[in-house]
Amino acid sequence: MREKLPPTRGSMMKAFRALKLAEKGHDLLEQKRQVLMMELVRHIDEARELQSKVAEVFDGAYKALQKANITLGIETVEEIALAIPEEKGFIVRLRSVMGVEIPEIDPMDGAPRPCYSFWDTSASMDRAFVEFRKVLALLARLAEIENGVYRLAVQIRKTHRRVNALEKMVIPGYGESIAVISNALEESDREDFVRMKMAKRSENAD
C-alpha cells in the first residue's frame, strides 16, 4: 500500500523524487522487456529451425538403424549399443542477457570415435552410430535453445508485471499524492493570506 504523505512541502518534494525514480525505473524495465522480447523471438525462430532439422536427421538415423538391425540382427545391435558409453562431454556455459542467464552448450567435438569392436559389425552399424551422434548433437542444441526460451519467457512475464504495476498503480499514485498535497498547500496559503489581511485590517482599525 502506498504511504499516505502529510500535506507539507517536504512531503511534496519526497513525492516528486519518488515519481521521477518510478518513471526512470519504468523506462529501464520497458527497455529490458524489449531486449528480452527480441532475444526470445530469435530463440523461437532458431528452435523451429532446429526442430525441423532434428526430425529430418532422426528419420535418417532411424532408417540406418533399421538397416543395421536387418544386417546384423536386433540382438547383436543391442549388444553393441550396450558397449557405447554414456555421453558426458557436454560443456554448458551461461550468457547473460539483461540479467537473464541463458545456457549455451559447446558443440560436440570432432568426428565420432567408434567405441565397439569391428568384429561382427558392418558398415550399416557404423552408419547408424554416426547418424545417431548427429541426432545427439542436435538434441543438445535444441535443449539449449528451449531452456533459453523458457528462462526468457519467465523473465519477460515478471518484467511485464512490474511495468504494469508502475504504469497503473505506482506512477498514477504518486501523481495523485502530489496533486492532493499541492491542493492542500494552496488552500493553506489562501487561508494564511486571508488571516494576514484580516489581521492587517484589525491593526489599521485600532
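Annotations for the structure displayed:
- Residues in the stretch 64-94 that are within 38 Å of the chain's Cα centre (by Cα) and over 30 Å from Ala153 (Cα atoms): Ile84, Pro85, Glu86.
- Restricting attention to the stretch 164-180 and to residues that are surrounded by 17 or more Cβ atoms within 10 Å (Cβ to Cβ) and out of contact with any Lys or Arg (no Cβ under 6 Å at 6 or more places or on another chain), the residue that is farthest from Arg9 (Cα to Cα) turns out to be Leu166.
- Screening Ala61 against (1) at pLDDT below 90; (2) under 22 Å from Glu131 (Cβ atoms); (3) in contact with a helix residue (DSSP H, G or I) (Cβ under 7 Å, 6 or more places away or on another chain) leaves a single unmet condition, (1).
- Residue within the stretch 15-36 that is at pLDDT below 90 and either more than 13 Å from Leu166 (Cβ to Cβ) or touching a Gly at 6+ places or on another chain (Cβ under 6 Å) (or both) present: yes
The values are calculated or read from the model by the stated rules, or taken from the named source; none is laboratory data. Predicted, not measured: the structure shown is a model, and the values here were computed from it. Cβ atoms come from the backbone with ideal geometry, glycine included; neighbour counts cover every protein chain shown.
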